[in-house]
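Chemist: Once you've had a glance at the structure underneath, I'll fire off some questions.
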Amino acid sequence: MATAAFSHEREHYLNKEYGIRSWLLTTDHKRIALLYLVSITFFFFIGGFLALLIRLELLTPAGDLVQADTYNKLFTMHGQIMIFFFLIPSIPAVLGNFLVPLMIGAKDLAFPRINLLSWYLYMCGGILMLHTLLTGGVDTGWTFYTPFSTAFSDTKVIEAGVAIFINGFSSILTGLNFVVTIHRMRAPGMTFSRLPLFLWSHYATSIIFLLGTPVLAITLLLVVFERAFNLGIFDPNRGGDPLLFQHLFWFYSHPAVYIMILPSMGVVSEIVPCFSRKRIFGYSFVAMASIGIAVIGFLVWAHHMFVAGMSLYAALIFSFLSYLVAVPSAIKVFNWTATMYKGSISFSTPMLYAFGFIGLFTMGGLTGLFLAALGVDVHVTDTYFVIAHFHYIMVGGAVMGYLGGMHFWWPKISGRMYPEGWGRLAALIVFIGFNLTFFPQFILGYLGMPRRYWQYPPEFQVLNVLSTAGSTILAVGYLLPMVYFLWSMRYGKIADDNPWNATGLEWRTASPPPTYNFEETPLVTWEAYEYDKMTLPAEVTLER
Amino acid sequence: MAEHILSSKLYWAIWAILICLTVVTALVARVDLGWFNPVAALLIATGKATIVVLFFMHVKYTSEKLTTMVIVSALFWLLILLALSLADYSTRPIS
Amino acid sequence: MSDSSVAVEHTPELRHHFADMEQQRNAASLGMWLFLGTEIMFFGGMFCAYLIYRLAYYNEFAVASRTLSLPIGTINTAVLICSSLTVALSVRAAQLGKQKLVIVLLVLTLLFGLAFLGIKGYEWREKFVEHHIPGSSFSFDEAMPGHPEAKIDPRHAQIFFSLYFAMTGMHALHMIIGVGIFAVLILMAWRGRFTPEYHTPVEIGGLYWHFVDIVWIYLFPLLYLIDRHK
């Protein structure tokens, strides 16, 4: 095994080749992961900047910073950029791309050139989206609801629709690559029952990519056709039904929430056993819960349409089915907690993010049950309660998992350690900032403040000021890791091959890994998470 | 590689069946069978599609269960989309 | 390259990250099947819209469907079935290593595909002449068969034609992509790239072509054969 002592001269995927060409034409999954890392971070900060503008406008009850039209565009572009260009690709395209082959002992993904194509499609969609943003934006809300998007909005709906359509193909190809890789490229001995839970969750995510995304693609295409060629599929003037658009849209866009949360759950399932030094509790239940969430997630979409005019009987069915998703989600939360029980827990940065994830996801999930209940939903639909709920899932859940994963695997990715003290501080700031931003929104929503308005009655101001204050803290919390990750690439402590003493295959190769990942194809003879059979060597200090 | 090579006669036979079914479906549509007309049209279409999948796309001769699983799950998901959308439309108070 | 565990058989077509040709072939085949699964859902969105509107506006759909040409639709279906036969035979020829036959059959497929697109184009032109293209110039002055006083609501007929153009348009786009794929396959066959050991591209391209054929097998009865007996 290579050790830190001579790692500066060892050849690995980062120093094998230099120059722009070696990056833009690479087919190495690890390099493509880094391409994604840079591009999604860019879009994250654009989306975050828009969010800050929204929060600044809501600092005062009057509409003083921006006018209503601009505000409509701000929340639309914030949603579209954050969802399609940050959250959906975040963990799968960065950590998934980097880790899927490493975790199963393969040299690369099954289709390396298609993997690169995914990134180029993502960039094409992203640049088109940026162009939309800079030349006027869209004001339909990220949901593109008809007939506003087809007949009334005079903004760049077609351009944004095409951008998201192109980006959809990037997702589909990534999902396809993961499924084929997990089925066909596993190292000898790496059976499905030995697969790390990170891979189970990515497998489930890929199912949604493959079976959900095409429905969004055709739906957006039909909206584009309706605007561009005057087709009348959703046009109420011609007897078309706008609710049909909502059905098709949410058939993808509800499972899309699970695209964001499942990979995070995978990350947490890796972090929790490692920093509790215990085998995961109920491996097969956690694995099957991932698949369960992916499948049941497709049966609940119309709970977004309870007040839109759909049939009450169907609403009852969808309400009941929505409760079912809570079962596999709760199984996961209970299993992580049970894993920690009597474990020797260390409070390192990744574990702090995992704690944050479990707590915030539980809150987001439980408030989701309120919304699945028909009566409560009628009361809080389109209020800030909904905003707070899905930000607890997407930011509190998905982003926490993403940051936790980035810290956990950063030594493997860069070959350097990040500064642990700063890491813990940032995790704390993110947690505080997040709750300060979004908890007041639960109260605001319950008091009746509607979403998507640029002004509000003065009695809501105190809570809105709290929320805006929280968002600035959150922004600091997000900037910090970017700064110290960049810093650590040059000045960080050189990382061991296995700094956390973790069990996964990815830790049994050098940090950073060589281009083809392993010197020899590994032979797997052990179950995942055998932390009980692993003793902590004396020199491994987890910096308690 | 255990590839199954079919005889060209079989392919021609399949082709003949498909052409016959195409003519049959066009003719059946011209006969008034009431509610059975769309059912017959879809049954024949499904028959043709199944033949294409089994023989032209070699699914009958592959030992790979995964291929069948992919097809079945995609069709199952399509069924979810159709059935649950229909659950809404078929129970709306006014059409 | 620090690649010490290279597989025993090393053919030029074997990409470095696969252990052997069989693994590579299985991966490609599974990849294409998964892609076809996504395609089912892609067309599925339109089938869902079709189902809902056909149930809501059955009479309008029936009358509008009858304005499509049944002979042309049937002939086009037959053309596609012929192309599927040539594809299947070309895969077989590749399996047997008959390189010239592969080229001939691939070219035939391409020609059938172009013929289908030509006939489709002619049909679309007809719709244009008849003002059956959705939009401001749309006009549809038809009545229920046997009831000349019961006029059909042209707005609902427009929904049928919107779906007709969306569905056949998306199908035609897939055909155009298929023609592109087959042009590349012909070029590869011309250069003698396909052997009994390696002909995965023909197989994979063939799967795609058959799938596009199957979509048409469903579009034909759904669009052309509504209530034809009156």
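The values are calculated or read from the model by the stated rules, or taken from the named source; none is laboratory data. In this text the structure is predicted, and so the values were computed from the model without any measurement. When we count neighbours, we look across all protein chains shown, and the Cβ atoms used for this are built from the backbone with ideal geometry, even at glycine.
Chemist: Name every residue in the range A:295-322 that is among the aromatic types (Phe, Trp, Tyr), in a helix (DSSP H, G or I) and within 22 Å of residue A:387 (Cβ to Cβ), in order of residue number.
Modeler: A:301, A:318
Chemist: Considering the range C:36-46 alone, what residues qualify as being in contact (Cβ under 8 Å) with a residue 60 or more places away in the chain and facing chain B (nearest Cβ under 10 Å)?
Modeler: Result: C:36, C:39, C:43.
Chemist: Here is a further query. Does residue A:49 fit the bill of being assigned to a helix (DSSP H, G or I) and buried (at least 20 other Cβ atoms within 10 Å of the Cβ)?
Modeler: Considered against the rule, which asks whether it is assigned to a helix (DSSP H, G or I) and buried (at least 20 other Cβ atoms within 10 Å of the Cβ), residue A:49 comes out as no.
Chemist: Working carefully through the options C:153, C:141, find the one that is of a type in the set (Asp, Glu) and more than 12 Å from every other protein chain (Cβ to nearest Cβ).
Modeler: Answer to the check: C:141.
Chemist: Condition test on residue C:119, is it within 30 Å of residue C:14 (Cα to Cα) and either more than 25 Å from the chain's Cα centre (by Cα) or aliphatic (A, V, I, L, M) (or both)?
Modeler: For residue C:119, the condition - within 30 Å of residue C:14 (Cα to Cα) and either more than 25 Å from the chain's Cα centre (by Cα) or aliphatic (A, V, I, L, M) (or both) - is not met.
Chemist: Return yes when residue C:208 is of a type in the set (Phe, Trp, Tyr), in a helix (DSSP H, G or I), within 14 Å of chain B (Cβ to nearest Cβ) and under 30 Å from residue C:143 (Cβ atoms) and no when it is not.
Modeler: Answer is no for this residue.
Chemist: Same structure, new question: Among the candidates A:132, A:213, which residue alone is free of Cβ contacts under 8 Å to residues at least 60 places away in the same chain, in contact with an Asp or Glu (Cβ under 9 Å, 6 or more places away or on another chain) and within 30 Å of residue A:26 (Cβ to Cβ)?
Modeler: Checking each option against the conditions leaves just A:132.
Chemist: Of the conditions (1) away from chain C (no Cβ under 12 Å); (2) over 30 Å from residue A:526 (Cα atoms), residue A:194 fails just one. Which one is it?
Modeler: (2)
Chemist: Quick one: which of A:233, A:207 is facing another protein chain (nearest Cβ under 10 Å), free of Cβ contacts under 8 Å to residues at least 24 places away in the same chain and surrounded by 24 or more Cβ atoms within 10 Å (Cβ to Cβ)?
Modeler: A:233
Chemist: Could you say which residue among A:76, A:60 is β-branched (Val, Ile, Thr), surrounded by fewer than 20 Cβ atoms within 10 Å (Cβ to Cβ) and touching a residue at least 24 places away in the same chain (Cβ under 8 Å)?
Modeler: A:60
Chemist: Further question on the same structure: Restricting attention to the range A:274-305, report how many residues are surrounded by 19 or more Cβ atoms within 10 Å (Cβ to Cβ), more than 19 Å from residue A:212 (Cβ to Cβ) and among the aromatic types (Phe, Trp, Tyr).
Modeler: 3
Chemist: Can I ask one more? Suppose the filter is buried (at least 18 other Cβ atoms within 10 Å of the Cβ), at pLDDT below 95 and either in a helix (DSSP H, G or I) or over 16 Å from the mean Cα position of the chain (by Cα) (or both); does residue C:165 pass it?
Modeler: no
Chemist: Go through the range A:298-326 and give me each residue that's within 9 Å of chain B (Cβ to nearest Cβ) and over 26 Å from the mean Cα position of the chain (by Cα).
Modeler: A:309, A:310, A:311, A:312, A:313, A:314, A:315, A:317
Chemist: Which count do you get for residues in the range A:236-255 that are polar (S, T, N, Q) and under 19 Å from residue A:294 (Cβ atoms)?
Modeler: Total satisfying the criteria: 1.
Chemist: Please find, among C:185, C:207, the residue that is under 30 Å from residue B:28 (Cα atoms) and either among the aromatic types (Phe, Trp, Tyr) or touching a residue at least 24 places away in the same chain (Cβ under 8 Å) (or both).
Modeler: C:207
Chemist: Considering every residue within the range B:22-40, establish whether at least one is acidic (Asp, Glu), surrounded by 12 or more Cβ atoms within 10 Å (Cβ to Cβ) and facing chain C (nearest Cβ under 9 Å).
Modeler: No, the range B:22-40 contains no residue that is acidic (Asp, Glu), surrounded by 12 or more Cβ atoms within 10 Å (Cβ to Cβ) and facing chain C (nearest Cβ under 9 Å).
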